[in-house]
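The values are calculated or read from the model by the stated rules, or taken from the named source; none is laboratory data. Everything numeric here is computed off the predicted structure, so don't read it as measured data. Counting neighbours? That spans all protein chains shown, and the Cβs are built from the backbone with ideal geometry, glycine included. Quick note on the areas: whole protein, heavy atoms, side chains included, nothing else; ligands and nucleic acids left out. Shrake-Rupley method; radii C 1.70, N 1.55, O 1.52, S 1.80 Å.
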Amino acid sequence: GENVEQHPSTLSVQEGDSAVIKCTYSDSASNYFPWYKQELGKRPQLIIDIRSNVGEKKDQRIAVTLNKTAKHFSLHITETQPEDSAVYFCATGIPGGADGLTFGKGTHLIIQP
Amino acid sequence: KAGVTQTPRYLIKTRGQQVTLSCSPISGHRSVSWYQQTPGQGLQFLFEYFSETQRNKGNFPGRFSGRQFSNSRSEMNVSTLELGDSALYLCASSSTASGANVLTFGAGSRLTVL
(Lines give C-alpha, C1' and ligand atoms only; values in the text may rest on other atoms or scores of the structure.)
Protein backbone atom coordinates (compact mmCIF):
# COMPACT_ATOMS: atom_id res chain seq x y z
CA GLY A 1 0.00 0.00 0.00
CA GLU A 2 0.85 3.67 -0.10
CA ASN A 3 3.53 5.01 2.23
CA VAL A 4 3.80 8.75 2.94
CA GLU A 5 6.81 10.19 4.72
CA GLN A 6 6.72 13.74 6.05
CA HIS A 7 9.63 15.92 7.17
CA PRO A 8 10.50 17.56 9.44
CA SER A 9 8.50 16.34 12.41
CA THR A 10 9.02 19.70 14.15
CA LEU A 11 9.81 23.04 12.52
CA SER A 12 10.49 26.25 14.39
CA VAL A 13 10.68 29.53 12.44
CA GLN A 14 10.76 33.20 13.30
CA GLU A 15 7.57 35.14 12.72
CA GLY A 16 7.69 36.61 9.24
CA ASP A 17 10.01 33.94 7.85
CA SER A 18 8.99 31.16 5.46
CA ALA A 19 8.31 27.53 6.35
CA VAL A 20 8.58 24.51 4.06
CA ILE A 21 7.28 21.02 4.82
CA LYS A 22 8.04 18.12 2.50
CA CYS A 23 6.34 14.80 1.84
CA THR A 24 7.32 11.84 -0.28
CA TYR A 25 5.02 9.04 -1.37
CA SER A 26 5.42 5.62 -2.89
CA ASP A 27 2.34 4.85 -5.03
CA SER A 28 2.58 6.33 -8.50
CA ALA A 29 -1.22 5.97 -8.83
CA SER A 30 -1.74 8.72 -6.24
CA ASN A 31 -2.87 11.93 -7.83
CA TYR A 32 -4.60 13.88 -5.09
CA PHE A 33 -2.43 15.69 -2.54
CA PRO A 34 -4.16 17.64 0.23
CA TRP A 35 -2.70 19.41 3.23
CA TYR A 36 -4.57 19.60 6.52
CA LYS A 37 -3.92 21.94 9.45
CA GLN A 38 -4.79 20.86 12.97
CA GLU A 39 -4.64 23.41 15.74
CA LEU A 40 -4.28 22.20 19.30
CA GLY A 41 -7.46 20.47 20.43
CA LYS A 42 -9.24 21.04 17.14
CA ARG A 43 -10.19 19.00 14.10
CA PRO A 44 -7.99 18.77 10.98
CA GLN A 45 -9.03 21.26 8.34
CA LEU A 46 -8.12 21.32 4.68
CA ILE A 47 -5.96 24.32 3.81
CA ILE A 48 -4.94 23.54 0.24
CA ASP A 49 -4.91 20.63 -2.17
CA ILE A 50 -3.45 19.86 -5.57
CA ARG A 51 -4.17 17.30 -8.20
CA SER A 52 -1.56 15.76 -10.42
CA ASN A 53 -2.45 17.72 -13.52
CA VAL A 54 -0.86 20.84 -12.02
CA GLY A 55 2.59 21.39 -10.54
CA GLU A 56 1.87 24.30 -8.22
CA LYS A 57 -1.07 25.95 -6.54
CA LYS A 58 -1.17 29.11 -4.45
CA ASP A 59 -3.67 30.57 -2.03
CA GLN A 60 -2.50 33.83 -0.49
CA ARG A 61 0.45 32.96 1.81
CA ILE A 62 0.37 29.22 1.24
CA ALA A 63 1.43 27.21 -1.78
CA VAL A 64 1.86 23.57 -2.65
CA THR A 65 4.29 22.23 -5.23
CA LEU A 66 4.22 18.76 -6.73
CA ASN A 67 6.90 16.73 -8.48
CA LYS A 68 5.25 13.53 -9.70
CA THR A 69 8.42 12.19 -11.26
CA ALA A 70 10.24 12.33 -7.94
CA LYS A 71 7.06 11.51 -5.98
CA HIS A 72 7.26 14.40 -3.60
CA PHE A 73 5.22 17.47 -2.78
CA SER A 74 5.77 20.38 -0.45
CA LEU A 75 3.84 22.98 1.51
CA HIS A 76 5.23 26.51 1.54
CA ILE A 77 4.03 29.14 3.98
CA THR A 78 5.38 32.66 3.53
CA GLU A 79 5.34 35.58 5.99
CA THR A 80 4.47 33.25 8.85
CA GLN A 81 2.20 34.53 11.60
CA PRO A 82 1.48 33.28 15.14
CA GLU A 83 -1.81 31.76 13.98
CA ASP A 84 0.13 29.48 11.65
CA SER A 85 1.34 27.51 14.70
CA ALA A 86 -0.28 24.07 14.36
CA VAL A 87 0.36 20.52 13.21
CA TYR A 88 0.28 20.12 9.44
CA PHE A 89 -0.49 16.81 7.75
CA CYS A 90 0.11 15.93 4.14
CA ALA A 91 -1.89 13.15 2.52
CA THR A 92 -2.30 11.31 -0.75
CA GLY A 93 -5.34 9.84 -2.43
CA ILE A 94 -6.25 7.81 -5.49
CA PRO A 95 -9.43 8.75 -7.39
CA GLY A 96 -11.93 6.00 -6.87
CA GLY A 97 -9.56 4.35 -4.44
CA ALA A 98 -11.14 2.54 -1.56
CA ASP A 99 -8.40 3.05 0.99
CA GLY A 100 -9.18 6.61 1.92
CA LEU A 101 -6.40 9.13 2.26
CA THR A 102 -2.96 8.08 3.45
CA PHE A 103 -1.55 10.66 5.85
CA GLY A 104 1.96 11.60 6.82
CA LYS A 105 2.76 11.63 10.52
CA GLY A 106 2.55 15.40 10.77
CA THR A 107 4.80 18.42 11.25
CA HIS A 108 4.51 20.57 14.35
CA LEU A 109 5.11 24.13 13.13
CA ILE A 110 6.13 26.58 15.84
CA ILE A 111 6.19 30.29 15.06
CA GLN A 112 8.63 32.12 17.32
CA PRO A 113 7.71 35.77 18.09
CA LYS B 1 -25.04 24.01 6.98
CA ALA B 2 -24.21 21.84 9.98
CA GLY B 3 -20.78 20.24 10.04
CA VAL B 4 -19.78 16.71 10.91
CA THR B 5 -21.03 15.77 14.37
CA GLN B 6 -19.43 13.09 16.50
CA THR B 7 -20.71 11.71 19.77
CA PRO B 8 -19.63 11.22 22.44
CA ARG B 9 -16.75 13.67 22.55
CA TYR B 10 -15.00 12.00 25.46
CA LEU B 11 -15.30 8.62 27.04
CA ILE B 12 -13.41 6.40 29.43
CA LYS B 13 -13.61 2.63 29.30
CA THR B 14 -11.76 -0.25 30.91
CA ARG B 15 -9.95 -3.07 29.16
CA GLY B 16 -12.27 -5.73 27.82
CA GLN B 17 -15.25 -3.44 27.42
CA GLN B 18 -16.69 -2.37 24.10
CA VAL B 19 -17.51 1.07 22.76
CA THR B 20 -19.74 2.52 20.04
CA LEU B 21 -19.01 5.89 18.48
CA SER B 22 -21.40 7.82 16.28
CA CYS B 23 -20.88 10.17 13.35
CA SER B 24 -23.43 12.30 11.52
CA PRO B 25 -22.05 13.61 8.22
CA ILE B 26 -22.77 16.87 6.51
CA SER B 27 -26.25 16.81 5.02
CA GLY B 28 -26.11 15.32 1.54
CA HIS B 29 -22.75 13.65 2.05
CA ARG B 30 -22.91 9.91 1.45
CA SER B 31 -19.35 8.95 2.34
CA VAL B 32 -18.16 8.57 5.92
CA SER B 33 -14.57 7.61 6.72
CA TRP B 34 -13.10 6.80 10.09
CA TYR B 35 -9.53 7.50 11.20
CA GLN B 36 -7.62 6.75 14.37
CA GLN B 37 -5.29 9.51 15.53
CA THR B 38 -2.50 8.82 18.00
CA PRO B 39 0.53 10.99 18.84
CA GLY B 40 3.08 8.64 17.31
CA GLN B 41 1.21 7.38 14.26
CA GLY B 42 -0.73 10.36 12.97
CA LEU B 43 -4.02 9.60 11.24
CA GLN B 44 -4.59 6.00 10.23
CA PHE B 45 -7.46 4.89 8.00
CA LEU B 46 -9.94 2.56 9.64
CA PHE B 47 -12.70 2.19 7.05
CA GLU B 48 -15.01 4.05 4.73
CA TYR B 49 -18.71 3.66 4.17
CA PHE B 50 -20.54 4.84 1.10
CA SER B 51 -24.26 4.29 0.60
CA GLU B 52 -24.35 1.82 3.50
CA THR B 53 -21.53 -0.31 2.05
CA GLN B 54 -18.07 -0.66 3.51
CA ARG B 55 -15.68 0.10 0.68
CA ASN B 56 -12.51 -1.02 2.35
CA LYS B 57 -10.85 -1.40 5.69
CA GLY B 58 -7.46 -0.33 6.93
CA ASN B 59 -4.95 -2.50 8.73
CA PHE B 60 -6.85 -2.91 11.99
CA PRO B 61 -7.98 -6.08 13.76
CA GLY B 62 -11.48 -7.45 13.48
CA ARG B 63 -12.35 -5.89 16.85
CA PHE B 64 -12.90 -2.68 14.91
CA SER B 65 -16.13 -2.65 12.96
CA GLY B 66 -18.61 -0.17 11.65
CA ARG B 67 -21.81 0.38 9.79
CA GLN B 68 -23.72 3.07 7.98
CA PHE B 69 -27.40 3.72 8.06
CA SER B 70 -29.72 4.80 5.25
CA ASN B 71 -29.51 8.43 6.43
CA SER B 72 -25.69 8.21 6.05
CA ARG B 73 -25.05 8.34 9.79
CA SER B 74 -22.31 5.94 10.74
CA GLU B 75 -21.22 4.11 13.84
CA MET B 76 -18.00 2.38 14.67
CA ASN B 77 -17.60 -0.24 17.34
CA VAL B 78 -14.52 -1.49 19.12
CA SER B 79 -14.91 -4.67 21.10
CA THR B 80 -12.65 -6.14 23.77
CA LEU B 81 -10.87 -2.85 24.31
CA GLU B 82 -7.12 -2.79 24.82
CA LEU B 83 -4.95 -0.08 26.34
CA GLY B 84 -3.53 0.64 22.88
CA ASP B 85 -6.97 1.59 21.59
CA SER B 86 -6.73 4.87 23.49
CA ALA B 87 -6.85 7.48 20.76
CA LEU B 88 -8.81 10.24 19.11
CA TYR B 89 -11.26 8.70 16.64
CA LEU B 90 -12.09 11.07 13.81
CA CYS B 91 -14.77 10.66 11.26
CA ALA B 92 -14.87 12.61 8.04
CA SER B 93 -17.56 13.05 5.45
CA SER B 94 -17.32 13.60 1.73
CA SER B 95 -19.90 14.12 -0.97
CA THR B 96 -18.57 11.18 -2.96
CA ALA B 97 -16.28 8.24 -2.33
CA SER B 98 -13.25 9.67 -0.63
CA GLY B 99 -10.32 8.39 -2.63
CA ALA B 100 -9.55 11.82 -3.96
CA ASN B 101 -12.03 14.24 -2.49
CA VAL B 102 -12.12 16.82 0.23
CA LEU B 103 -12.73 15.36 3.66
CA THR B 104 -14.51 17.40 6.31
CA PHE B 105 -13.63 16.13 9.75
CA GLY B 106 -15.67 16.02 12.90
CA ALA B 107 -14.23 17.11 16.24
CA GLY B 108 -13.49 13.53 17.20
CA SER B 109 -14.27 11.16 20.02
CA ARG B 110 -11.45 10.86 22.51
CA LEU B 111 -11.35 7.35 23.95
CA THR B 112 -9.31 6.53 27.01
CA VAL B 113 -8.93 2.87 27.95
CA LEU B 114 -7.84 2.16 31.51
TODO: Determine the share of segment A:14-113's accessible area contributed by carbon and sulfur atoms, expressed in whole percent, with a 1.4 angstrom probe.
DONE: 47
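Stokes-Einstein at 4 °C, 1.567 mPa s, Kirkwood radius from Cα pairs: D for segment B:4-101 in µm² s⁻¹?
Values: Rh = 13.6 Å.
Calculated translational D: 95 µm²/s.
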Task: Residue-wise HN-Hα coupling along segment A:106-113, computed from phi with Karplus coefficients 6.51, -1.76, 1.60 (Hz; x: Gly, Pro) - done: x, 10, 8, 8, 10, 9, 8, x
Task: Total formal charge among the other residues, if their Cβ is under 13 angstrom from that of B:Ser109, Lys/Arg +1 and Asp/Glu -1 - done: +2
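Around A:Asp84, with a cut-off of 12 angstrom between Cβ atoms, what is the net charge of the other residues, counting Lys and Arg +1 and Asp and Glu -1? List each step's numbers first, then the result.
Numbers: positive: A:Lys37, A:Arg61; negative: A:Glu15, A:Asp17, A:Glu39, A:Glu79, A:Glu83.
Residues close to A:Asp84 contribute a combined charge of -3.
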Task: Net charge dipole size for segment A:1-75 [Lys, Arg +1 and Asp, Glu -1 on Cβ; Debye, nearest 20] - done: 160
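Note down the magnitude of the dipole of chain B about its Cα centre, charges +1 on Lys and Arg C-beta and -1 on Asp and Glu C-beta and zero elsewhere, to the nearest 20 debye.
Around 120 debye, computed over chain B.
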Open item on the list: So if the hydrodynamic radius of the protein assembly as shown is defined as the Kirkwood radius over C-alpha pairs, what does Stokes-Einstein give as its diffusion coefficient at 37 °C and 0.692 mPa s, in µm² per second?
Closed with: 183
TODO: Could you please report the charge total around A:Glu15, scoring K, R as +1 and D, E as -1 over all other residues with beta-carbon less than 11 angstrom from its beta-carbon?
DONE: -4
- [ ] Summarise the partner chain shielding of A:41-54 as one whole number: the mean count of Cβ atoms from other chains within 10 Å of each residue's Cβ.
- [x] 3
TODO: From other protein chains only, count the Cβ atoms within 10 Å of every residue's Cβ in B:43-50, then give the mean.
DONE: 4
Task: Residue list for segment B:48-74, given a label point 7 angstrom along the Cα-to-Cβ vector of A:Ala29 and an amide N cut-off under 14 Å - done: B:56-57
Open item on the list: Looking at chain A as a GNM with Cα springs under 10 Å, which of A:Glu83, A:Glu56, A:Glu15 has the largest mean-square fluctuation?
Closed with: A:Glu83
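Please compute the contact order of segment A:22-113 in relative form: average sequence separation of alpha-carbon pairs under 8 Å and at least six residues apart, divided by the residue count, as a percent. Display every interim value, and only then the final one.
Details: 177 pairs, mean separation 27.9, N = 92.
Rounded, it is 30 percent for segment A:22-113.
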- [ ] Kindly flag which residue pairs out of A:Lys22/A:Lys58; A:Lys68/B:Lys57; A:Lys42/A:Lys71 have an alpha-carbon separation exceeding 25 Å in this structure.
- [x] A:Lys68/B:Lys57; A:Lys42/A:Lys71
